[in-house]
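> Shown below is the structure under consideration.
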Amino acid sequence: MREYDISVIKGDGIGPEIVREAVKVLETAGKKFGFHLDLTDIYLGGASIDKFGVPLTEETVETAKKSDAVLMGSIGGDAKTSPWYRLEPSKRPEAGLLGIRKALGLFANLRPAWLYDELKSACPLKEEAADKGFDLLIMRELTGGLYFGKRQTLVQDGQLVATDTLTYSESEIRRIAVKAFDIARKRRNKVTLVDKANVLDSSRLWRKVTSEVAEGYPDVTYSWMLVDNCAMQLVRDPSQFDVVLTENMFGDILSDEASMITGSIGMLPSASLNETKFGLYEPSHGSAPDIAGKDIANPLATILSAAMLLRYSLDEDEAADAVEEAVRKVLKDGYRTGDIYTEGTTKVGTRQMGDLVAERV
Ligand code: NAD
């Protein structure tokens, strides 16, 4: 039997409820497809502050590093009421998240966005675009570019002048480009590089390096698009995209745009990968402290994150397909949590939604 070590961060707010359901589905998939998961709980964010006084410990990093992948619920609390936010910024829950991403070298962020037939009514796009459907993946560089460049604010000629810098090296671009092409081979064999190469030197380097990488993948269709055009195309006809590869800031903006057009935040998984197959998998939404502990949170984004874990870190593609198909069937059978409920469907809680998916795996 194939054995895998998985670290589990239950997280804060709705985290423990949604992770419990994702684990249930993973274990069911393991039984069906012949693998066993060795699960170890580790702590991050608010839960780690409560237990150890800090949002991230060395032990959490070490255990995570030794495992094949990390499954995580969201972290953080209500900034207005939670005592975690009376701590200095470097001791708050979010500092733990940035810290673990850095410690694990997670440079590639994957945010898929697709439209389920059953949830089309929530899609804000024009009917003709929604009818075509879409299934795309934004692959965003996570550790370089404008957010990590040198910055300063100075007084010059009697006024404030602020500067940010956007730097990328060939190696930073090459490692994520390789990931994008590898992942495209697990999807529909298409990569679109999104940049601003008509203006920026850094974008021209992205094109040069990515084009070189593309030569090694003759089976993958490669093209590029300017970021302003991509922002328009995402709302005009998102069906044209498969893997969208882009730098940090463009990816930050485009991945939020891509989630918006699905119309359902409770459905969106994400993954952050390093150079090996290792990754951290979490829903795209936050810890929703407003609905924590009420058995009403939608666990599907976390369950779909677990499917990504199976596909990208464990190469258990068949099990990943089965989990994604089970989610589709549950929706087709008319079950909905409150956030995606519409008249004529059956409203279920977090736990029951997890059971329904597990039954269909
Ligand atoms: P949020 O995503 O937690 O919630 C926004 C709204 O969506 C809320 O009304 C919430 O009830 C609803 N919602 C979110 N997920 C849902 C689900 N699975 N099912 C049903 N409804 C859901 O965003 P927020 O309120 O801005 O942030 C809350 C906390 O989460 C903050 O501490 C924030 O820092 C943190 N956060 C963490 C991550 C992460 O861990 N990666 C990401 C975003 C926000």
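The values are calculated or read from the model by the stated rules, or taken from the named source; none is laboratory data. Nothing here was measured: the structure is a model prediction, and the numbers come from that model. In this analysis, Cβ positions are derived from the backbone assuming ideal geometry, glycine residues included, and neighbour counts consider all displayed protein chains. Areas reflect the complete protein model, heavy atoms only, side chains present, ligands, DNA and RNA absent. Shrake-Rupley method; radii C 1.70, N 1.55, O 1.52, S 1.80 Å.
> Could you list, in sequence order, all residues of region 262-281 that are more than 9 Å from the ligand (Cβ to nearest atom) and of a type in the set (Val, Ile, Thr)?
Within region 262-281, 262, 276 meet the criteria.
> Related question: Of everything in region 1-22, what is away from the ligand (no atom under 16 Å from the Cβ) and either within 15 Å of residue 71 (Cβ to Cβ) or of a type in the set (D, E, K, R) (or both)? Give them in sequence order.
So the first thing to find is which residues in region 1-22 are away from the ligand (no atom under 16 Å from the Cβ), and the list is 1-6.
Scanning region 1-22 gives 2, 3, 4, 5, 6.
> Separate question: Please name all residue pairs, on different chains or six or more residues apart, with Cβ atoms under 8 Å, provided the first residue is in region 45-63 and is hydroxyl-bearing (Ser, Thr, Tyr) and the second residue is open to solvent by 70 Å² or more (accessible area, probe 1.4 Å).
57/43; 60/43
> Residue pairs, Cβ under 7 Å, 6 or more apart or interchain, first in region 81-95 and farther than 17 Å from residue 47 by Cβ, second small (Gly, Ala, Ser). List them.
Note: pairs meeting the criteria are 89/95.
> Check whether at least one residue in region 33-40 is among the aliphatic types (A, V, I, L, M) and either open to solvent by 50 Å² or more (accessible area, probe 1.4 Å) or over 20 Å from residue 306 (Cα atoms) (or both), and report yes or no.
From region 33-40, those among the aliphatic types (A, V, I, L, M) are 37, 39; that's our starting set.
From the residues that got through so far, the ones that are either open to solvent by 50 Å² or more (accessible area, probe 1.4 Å) or over 20 Å from residue 306 (Cα atoms) (or both) too are 39.
Within region 33-40, one or more residues are among the aliphatic types (A, V, I, L, M) and either open to solvent by 50 Å² or more (accessible area, probe 1.4 Å) or over 20 Å from residue 306 (Cα atoms) (or both).
> Would you call residue 228 out of contact with any helix residue (DSSP H, G or I) (no Cβ under 6 Å at 6 or more places or on another chain) and within 30 Å of residue 316 (Cβ to Cβ)? Even if it seems obvious, please write down each step before you answer.
Working: out of contact with any helix residue (DSSP H, G or I) (no Cβ under 6 Å at 6 or more places or on another chain): yes; within 30 Å of residue 316 (Cβ to Cβ): no.
So residue 228 does not fit the description; no.
> Further question on the same structure: Can you give me the number of residues within region 23-32 that are open to solvent by less than 10 Å² (accessible area, probe 1.4 Å) and away from the ligand (no atom under 16 Å from the Cβ)? Give the derivation first.
Residues of region 23-32 open to solvent by less than 10 Å² (accessible area, probe 1.4 Å): 25-26, 29-30.
Narrowing further to those that are away from the ligand (no atom under 16 Å from the Cβ): 26, 29-30.
Total satisfying the criteria: 3.
> Okay, next question. Out of everything in region 334-359 that is within 20 Å of residue 123 (Cβ to Cβ) and more than 23 Å from the chain's Cα centre (by Cα), what residue ends up being most open to solvent (accessible area, probe 1.4 Å)? Walk me through how you get there before you give the answer.
Residues of region 334-359 within 20 Å of residue 123 (Cβ to Cβ): 334-345.
Those left that are additionally more than 23 Å from the chain's Cα centre (by Cα): 334-335, 341-345.
Working: 334: 14, 335: 56, 341: 91, 342: 60, 343: 173, 344: 83, 345: 29 Å².
The residue in question is 343.
> So, one more: Can you pull out the residues in region 282-318 that are assigned to a helix (DSSP H, G or I), more than 9 Å from the ligand (Cβ to nearest atom) and open to solvent by 30 Å² or more (accessible area, probe 1.4 Å)? Before the answer, list the steps.
If we filter region 282-318 for residues that are assigned to a helix (DSSP H, G or I), which is where we start, we get 289-291, 300-313, 317-318.
Subset that is more than 9 Å from the ligand (Cβ to nearest atom): 303-313, 317-318.
Matches in region 282-318: 317, 318.
> From 166, 193, 205, grab the single residue that is open to solvent by less than 80 Å² (accessible area, probe 1.4 Å), assigned to a strand (DSSP E or B) and not β-branched (Val, Ile, Thr). It would help to see each step written out before you state the result.
Working: 166 fails: assigned to a strand (DSSP E or B); 205 fails: assigned to a strand (DSSP E or B).
The unique qualifying residue is 193.
> Any residue in region 146-162 that is touching a residue at least 60 places away in the same chain (Cβ under 8 Å), touching a Ser or Thr at 6+ places or on another chain (Cβ under 9 Å), surrounded by 14 or more Cβ atoms within 10 Å (Cβ to Cβ) and of a type in the set (Gly, Ala, Ser)?
No - not one qualifying residue is present in region 146-162.
> Return yes when residue 212 is part of a helix (DSSP H, G or I) and open to solvent by 10 Å² or more (accessible area, probe 1.4 Å) and no when it is not. Walk me through it before giving the result.
Numbers: part of a helix (DSSP H, G or I): yes; open to solvent by 10 Å² or more (accessible area, probe 1.4 Å): yes.
Yes.
> Same structure again: Of all residues in region 218-232, how many are surrounded by 14 or more Cβ atoms within 10 Å (Cβ to Cβ) and out of contact with any strand residue (DSSP E or B) (no Cβ under 8 Å at 6 or more places or on another chain)? Full working, then the answer.
Taking region 218-232 as the starting set, the residues that turn out to be surrounded by 14 or more Cβ atoms within 10 Å (Cβ to Cβ) are 220-222, 224-227, 230-231.
Filter once more, keeping what is out of contact with any strand residue (DSSP E or B) (no Cβ under 8 Å at 6 or more places or on another chain): 231.
Total meeting the criteria: 1.
> Just name the residue that is farthest from the chain's Cα centre (by Cα) out of those in region 224-281 that are of a type in the set (Phe, Trp, Tyr) and part of a strand (DSSP E or B). Explain how you work it out, then say what you get.
Taking region 224-281 first, the residues of a type in the set (Phe, Trp, Tyr) are 224, 241, 250, 278, 281.
Still in the list and also part of a strand (DSSP E or B): 224, 281.
Details: 224: 23, 281: 7 Å.
Looking at the filtered set, the residue picked out is 224.
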